[in-house]
Amino acid sequence: AQAVKETLPEVAKAVDAAATALKAGGRIIYMGAGTSGRLGVLDASECPPTFGVPHGLVIGLIAGGPGALLKAVEGAEDNKQLGEDDLKALNLTAQDLAASGRTPYVIGGLEYANQTGCTTVAISCNPGSPIAQVAAIAISPVVGPEALTGSTRLKSGTAQKLVLNMISTGAMVKFGKVYQNLMVDMQATNVKLVDRACRMVMEATGAGREEAEAVLKQTDHDVKPAILMILSGLDAAAARAKLDAHNGFLRAALEN
(Lines give C-alpha, C1' and ligand atoms only; values in the text may rest on other atoms or scores of the structure.)
Protein backbone atom coordinates (compact mmCIF):
# COMPACT_ATOMS: atom_id res chain seq x y z
CA ALA A 1 0.00 0.00 0.00
CA GLN A 2 2.86 2.40 0.76
CA ALA A 3 4.40 1.71 -2.64
CA VAL A 4 1.07 2.38 -4.35
CA LYS A 5 0.68 5.61 -2.36
CA GLU A 6 3.78 6.98 -4.10
CA THR A 7 2.08 6.51 -7.48
CA LEU A 8 -1.19 8.33 -6.65
CA PRO A 9 -0.50 11.30 -8.98
CA GLU A 10 -0.19 8.88 -11.91
CA VAL A 11 -3.23 6.90 -10.75
CA ALA A 12 -5.21 10.16 -10.70
CA LYS A 13 -4.19 10.83 -14.31
CA ALA A 14 -5.37 7.34 -15.26
CA VAL A 15 -8.70 7.88 -13.46
CA ASP A 16 -9.24 11.17 -15.31
CA ALA A 17 -8.33 9.56 -18.63
CA ALA A 18 -10.65 6.62 -17.98
CA ALA A 19 -13.55 8.90 -17.07
CA THR A 20 -12.91 10.99 -20.18
CA ALA A 21 -12.98 7.82 -22.28
CA LEU A 22 -16.31 6.71 -20.80
CA LYS A 23 -17.91 10.13 -21.24
CA ALA A 24 -16.80 10.14 -24.88
CA GLY A 25 -18.51 6.81 -25.50
CA GLY A 26 -15.31 4.80 -25.18
CA ARG A 27 -14.33 1.84 -23.04
CA ILE A 28 -11.74 0.81 -20.46
CA ILE A 29 -9.72 -2.17 -21.70
CA TYR A 30 -7.30 -4.06 -19.47
CA MET A 31 -4.61 -6.28 -21.01
CA GLY A 32 -2.29 -8.59 -19.20
CA ALA A 33 -0.68 -12.01 -18.97
CA GLY A 34 -0.82 -14.41 -16.03
CA THR A 35 -1.66 -12.74 -12.72
CA SER A 36 -1.94 -9.29 -14.32
CA GLY A 37 -4.38 -10.60 -16.92
CA ARG A 38 -6.51 -12.39 -14.31
CA LEU A 39 -6.69 -9.26 -12.15
CA GLY A 40 -7.79 -7.18 -15.13
CA VAL A 41 -10.52 -9.67 -16.00
CA LEU A 42 -11.61 -9.71 -12.34
CA ASP A 43 -11.90 -5.92 -12.11
CA ALA A 44 -13.71 -5.70 -15.45
CA SER A 45 -16.18 -8.44 -14.53
CA GLU A 46 -17.12 -6.71 -11.28
CA CYS A 47 -18.05 -3.39 -12.90
CA PRO A 48 -21.50 -4.38 -14.31
CA PRO A 49 -22.95 -5.69 -11.01
CA THR A 50 -21.31 -2.96 -8.92
CA PHE A 51 -22.00 0.07 -11.10
CA GLY A 52 -24.82 -1.06 -13.37
CA VAL A 53 -22.79 -0.48 -16.54
CA PRO A 54 -23.32 -2.74 -19.58
CA HIS A 55 -21.03 -5.68 -20.17
CA GLY A 56 -18.38 -4.59 -22.65
CA LEU A 57 -17.84 -1.12 -21.19
CA VAL A 58 -14.93 -2.40 -19.09
CA ILE A 59 -13.12 -5.31 -20.72
CA GLY A 60 -10.39 -7.62 -19.45
CA LEU A 61 -8.09 -9.35 -21.95
CA ILE A 62 -5.69 -12.09 -20.89
CA ALA A 63 -2.95 -13.57 -23.06
CA GLY A 64 -4.17 -16.95 -24.25
CA GLY A 65 -7.85 -16.08 -23.97
CA PRO A 66 -10.47 -16.99 -21.33
CA GLY A 67 -9.00 -20.48 -20.87
CA ALA A 68 -5.86 -18.88 -19.41
CA LEU A 69 -7.88 -17.74 -16.40
CA LEU A 70 -7.85 -21.29 -15.07
CA LYS A 71 -4.84 -22.84 -16.77
CA ALA A 72 -1.67 -21.14 -18.00
CA VAL A 73 -1.38 -21.01 -21.79
CA GLU A 74 2.31 -21.51 -22.47
CA GLY A 75 3.90 -19.01 -24.85
CA ALA A 76 0.84 -16.79 -25.25
CA GLU A 77 2.41 -13.90 -23.34
CA ASP A 78 5.45 -13.95 -25.65
CA ASN A 79 3.35 -13.32 -28.76
CA LYS A 80 3.46 -9.61 -29.58
CA GLN A 81 1.10 -9.95 -32.54
CA LEU A 82 -1.51 -11.63 -30.36
CA GLY A 83 -1.85 -8.48 -28.24
CA GLU A 84 -2.49 -6.37 -31.33
CA ASP A 85 -4.94 -8.93 -32.73
CA ASP A 86 -6.96 -9.06 -29.51
CA LEU A 87 -7.43 -5.28 -29.57
CA LYS A 88 -8.29 -5.30 -33.28
CA ALA A 89 -10.98 -7.87 -32.51
CA LEU A 90 -12.54 -5.33 -30.13
CA ASN A 91 -12.52 -2.62 -32.83
CA LEU A 92 -10.37 -0.36 -30.67
CA THR A 93 -11.00 3.36 -31.14
CA ALA A 94 -9.30 6.58 -30.07
CA GLN A 95 -12.05 7.07 -27.47
CA ASP A 96 -10.98 3.96 -25.53
CA LEU A 97 -8.45 3.65 -22.72
CA ALA A 98 -6.05 0.70 -22.65
CA ALA A 99 -4.31 -0.23 -19.37
CA SER A 100 -1.75 -2.98 -19.39
CA GLY A 101 0.77 -5.07 -17.53
CA ARG A 102 4.06 -6.25 -19.06
CA THR A 103 5.24 -8.97 -21.57
CA PRO A 104 5.43 -8.87 -25.39
CA TYR A 105 1.67 -9.61 -25.65
CA VAL A 106 0.99 -6.38 -23.79
CA ILE A 107 3.63 -4.34 -25.58
CA GLY A 108 2.14 -5.35 -28.92
CA GLY A 109 -1.26 -4.23 -27.70
CA LEU A 110 0.02 -0.93 -26.32
CA GLU A 111 1.87 -0.08 -29.51
CA TYR A 112 -1.27 -0.73 -31.56
CA ALA A 113 -3.35 1.31 -29.09
CA ASN A 114 -0.93 4.23 -29.44
CA GLN A 115 -1.21 4.03 -33.23
CA THR A 116 -5.00 4.11 -32.90
CA GLY A 117 -4.83 7.29 -30.82
CA CYS A 118 -6.13 5.49 -27.74
CA THR A 119 -4.95 6.71 -24.31
CA THR A 120 -2.57 4.13 -22.86
CA VAL A 121 -1.63 3.31 -19.26
CA ALA A 122 1.16 1.01 -18.10
CA ILE A 123 0.78 -0.72 -14.72
CA SER A 124 3.99 -2.42 -13.68
CA CYS A 125 6.07 -2.83 -10.54
CA ASN A 126 9.25 -2.05 -12.49
CA PRO A 127 9.67 1.68 -13.30
CA GLY A 128 12.25 0.85 -15.96
CA SER A 129 10.05 -1.66 -17.78
CA PRO A 130 9.56 -1.35 -21.55
CA ILE A 131 5.84 -0.71 -21.17
CA ALA A 132 6.51 2.28 -18.92
CA GLN A 133 8.27 3.81 -21.92
CA VAL A 134 5.52 2.87 -24.40
CA ALA A 135 2.44 4.11 -22.52
CA ALA A 136 1.29 7.70 -22.09
CA ILE A 137 0.77 7.21 -18.33
CA ALA A 138 3.05 4.92 -16.29
CA ILE A 139 1.97 3.64 -12.86
CA SER A 140 4.95 1.86 -11.31
CA PRO A 141 4.70 0.99 -7.61
CA VAL A 142 8.07 -0.25 -6.36
CA VAL A 143 7.12 -3.12 -4.05
CA GLY A 144 10.54 -4.75 -3.61
CA PRO A 145 11.49 -8.42 -3.95
CA GLU A 146 8.75 -11.04 -3.64
CA ALA A 147 8.74 -13.37 -0.64
CA LEU A 148 8.89 -16.17 -3.20
CA THR A 149 11.31 -14.97 -5.85
CA GLY A 150 9.48 -14.25 -9.09
CA SER A 151 6.00 -14.99 -7.68
CA THR A 152 4.32 -11.80 -8.89
CA ARG A 153 0.91 -12.92 -7.61
CA LEU A 154 2.13 -11.70 -4.19
CA LYS A 155 3.32 -8.09 -3.68
CA SER A 156 3.11 -7.11 -7.33
CA GLY A 157 -0.32 -8.64 -7.79
CA THR A 158 -1.62 -7.00 -4.62
CA ALA A 159 -0.31 -3.60 -5.71
CA GLN A 160 -1.84 -3.99 -9.17
CA LYS A 161 -5.21 -4.95 -7.63
CA LEU A 162 -5.15 -1.75 -5.56
CA VAL A 163 -4.40 0.32 -8.66
CA LEU A 164 -7.11 -1.35 -10.75
CA ASN A 165 -9.66 -0.82 -7.95
CA MET A 166 -8.84 2.88 -7.92
CA ILE A 167 -8.97 3.31 -11.69
CA SER A 168 -12.36 1.66 -12.17
CA THR A 169 -13.95 3.07 -9.00
CA GLY A 170 -12.62 6.59 -9.59
CA ALA A 171 -13.77 6.54 -13.20
CA MET A 172 -17.23 5.37 -12.19
CA VAL A 173 -17.51 8.13 -9.58
CA LYS A 174 -16.72 10.69 -12.28
CA PHE A 175 -19.17 8.89 -14.63
CA GLY A 176 -22.10 9.42 -12.25
CA LYS A 177 -22.37 5.87 -10.95
CA VAL A 178 -21.84 6.78 -7.28
CA TYR A 179 -23.66 9.06 -4.83
CA GLN A 180 -21.81 9.92 -1.60
CA ASN A 181 -20.23 6.52 -0.79
CA LEU A 182 -23.12 4.49 -2.19
CA MET A 183 -23.05 2.39 -5.38
CA VAL A 184 -26.45 3.68 -6.44
CA ASP A 185 -26.41 2.09 -9.92
CA MET A 186 -25.93 -1.40 -8.48
CA GLN A 187 -28.20 -4.01 -10.07
CA ALA A 188 -30.41 -5.63 -7.41
CA THR A 189 -30.36 -9.11 -8.94
CA ASN A 190 -30.75 -11.26 -5.82
CA VAL A 191 -32.27 -11.17 -2.34
CA LYS A 192 -29.09 -9.84 -0.73
CA LEU A 193 -28.81 -7.00 -3.22
CA VAL A 194 -32.51 -6.10 -2.96
CA ASP A 195 -31.91 -5.64 0.77
CA ARG A 196 -28.78 -3.59 0.08
CA ALA A 197 -30.75 -1.37 -2.31
CA CYS A 198 -33.27 -0.74 0.44
CA ARG A 199 -30.57 0.12 2.95
CA MET A 200 -28.94 2.53 0.48
CA VAL A 201 -32.22 4.37 -0.04
CA MET A 202 -32.74 4.55 3.72
CA GLU A 203 -29.22 5.88 4.31
CA ALA A 204 -29.39 8.48 1.54
CA THR A 205 -32.84 9.79 2.44
CA GLY A 206 -33.48 9.05 6.12
CA ALA A 207 -36.63 7.15 5.11
CA GLY A 208 -37.84 4.14 7.06
CA ARG A 209 -37.67 0.63 5.61
CA GLU A 210 -41.37 0.50 4.75
CA GLU A 211 -41.24 3.72 2.73
CA ALA A 212 -37.97 2.72 1.03
CA GLU A 213 -39.37 -0.67 0.02
CA ALA A 214 -42.58 0.88 -1.31
CA VAL A 215 -40.72 3.40 -3.48
CA LEU A 216 -38.23 0.80 -4.73
CA LYS A 217 -41.14 -1.34 -5.94
CA GLN A 218 -42.18 1.60 -8.13
CA THR A 219 -38.69 1.80 -9.67
CA ASP A 220 -38.17 -1.96 -10.04
CA HIS A 221 -35.49 -1.68 -7.31
CA ASP A 222 -33.57 1.01 -9.18
CA VAL A 223 -31.88 2.96 -6.37
CA LYS A 224 -31.17 6.35 -7.98
CA PRO A 225 -34.71 7.27 -9.01
CA ALA A 226 -36.00 5.94 -5.67
CA ILE A 227 -33.72 8.33 -3.77
CA LEU A 228 -34.70 11.21 -6.03
CA MET A 229 -38.41 10.42 -5.60
CA ILE A 230 -38.21 10.54 -1.81
CA LEU A 231 -36.06 13.66 -1.62
CA SER A 232 -37.86 15.64 -4.33
CA GLY A 233 -41.43 14.34 -4.27
CA LEU A 234 -41.34 13.40 -7.97
CA ASP A 235 -43.04 10.28 -9.28
CA ALA A 236 -41.02 7.47 -10.86
CA ALA A 237 -41.35 8.66 -14.48
CA ALA A 238 -40.44 12.26 -13.62
CA ALA A 239 -37.48 11.11 -11.49
CA ARG A 240 -36.10 9.02 -14.35
CA ALA A 241 -36.57 11.90 -16.78
CA LYS A 242 -34.72 14.29 -14.48
CA LEU A 243 -31.86 11.84 -14.06
CA ASP A 244 -31.64 11.44 -17.84
CA ALA A 245 -31.53 15.23 -18.20
CA HIS A 246 -28.51 15.30 -15.88
CA ASN A 247 -26.72 12.37 -17.54
CA GLY A 248 -27.47 10.07 -14.63
CA PHE A 249 -25.79 12.23 -11.98
CA LEU A 250 -28.01 11.99 -8.90
CA ARG A 251 -26.40 14.92 -7.09
CA ALA A 252 -26.94 17.22 -10.07
CA ALA A 253 -30.58 16.09 -10.35
CA LEU A 254 -31.11 16.86 -6.66
CA GLU A 255 -29.48 20.30 -6.83
CA ASN A 256 -31.19 21.56 -9.99
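The values are calculated or read from the model by the stated rules, or taken from the named source; none is laboratory data. Because the structure is predicted, anything quoted here is derived from the model rather than measured. Every residue, glycine among them, receives a Cβ derived from its backbone with ideal geometry; neighbour counts consider all protein chains shown. Just the protein is used for accessible areas: all its heavy atoms, side chains included, with ligands, DNA and RNA removed. Shrake-Rupley method; radii C 1.70, N 1.55, O 1.52, S 1.80 Å.
Quick notes on this one:
- Of residues in the range 128-168 being of a type in the set (D, E, K, R) and either closer than 16 Å to MET31 by Cα or within 22 Å of the chain's Cα centre (by Cα) (or both), the one least open to solvent (accessible area, probe 1.4 Å): LYS161
- The condition (being farther than 12 Å from PHE175 by Cβ, part of a helix (DSSP H, G or I), touching a residue at least 24 places away in the same chain (Cβ under 8 Å) and not acidic (Asp, Glu)) is satisfied by just one residue among ALA72, ALA3, ALA19: ALA3.
Quick grid of which residues meet (1) polar (S, T, N, Q); (2) open to solvent by less than 30 Å² (accessible area, probe 1.4 Å):
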| site | (1), (2) |
| --- | --- |
| PRO9 | no, no |
| LYS13 | no, no |
| ALA19 | no, yes |
| ARG27 | no, no |
| ASP43 | no, yes |
| GLY75 | no, no |
| GLN81 | yes, no |
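- The range 80-95, residues that are polar (S, T, N, Q) and not in a loop (DSSP other than H, G, I, E, B): GLN81
- Residues of the range 90-127 satisfying the condition of being farther than 25 Å from VAL4 by Cβ, buried (at least 20 other Cβ atoms within 10 Å of the Cβ) and not aliphatic (A, V, I, L, M): GLY108, TYR112
- Pick from the range 45-63, criterion more than 20 Å from ALA122 (Cα to Cα) and outside any helix (DSSP H, G or I), ranking: most open to solvent (accessible area, probe 1.4 Å): HIS55
- Any hit, the range 181-195, residues being under 26 Å from ALA99 (Cα atoms) and in a helix (DSSP H, G or I): no
- Checking the range 243-250 against the condition returns a match, with at least one residue being out of contact with any Gly (no Cβ under 6 Å at 6 or more places or on another chain), open to solvent by less than 30 Å² (accessible area, probe 1.4 Å) and touching a residue at least 40 places away in the same chain (Cβ under 8 Å).
For every residue, the table says whether it meets (1) of a type in the set (S, T, N, Q); (2) part of a helix (DSSP H, G or I); (3) touching a Gly at 6+ places or on another chain (Cβ under 9 Å).
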{"position": "SER168", "(1), (2), (3)": "yes, yes, no"}
{"position": "MET172", "(1), (2), (3)": "no, yes, no"}
{"position": "LYS177", "(1), (2), (3)": "no, no, yes"}
{"position": "CYS198", "(1), (2), (3)": "no, yes, no"}
{"position": "LEU216", "(1), (2), (3)": "no, yes, no"}
{"position": "LEU228", "(1), (2), (3)": "no, yes, no"}
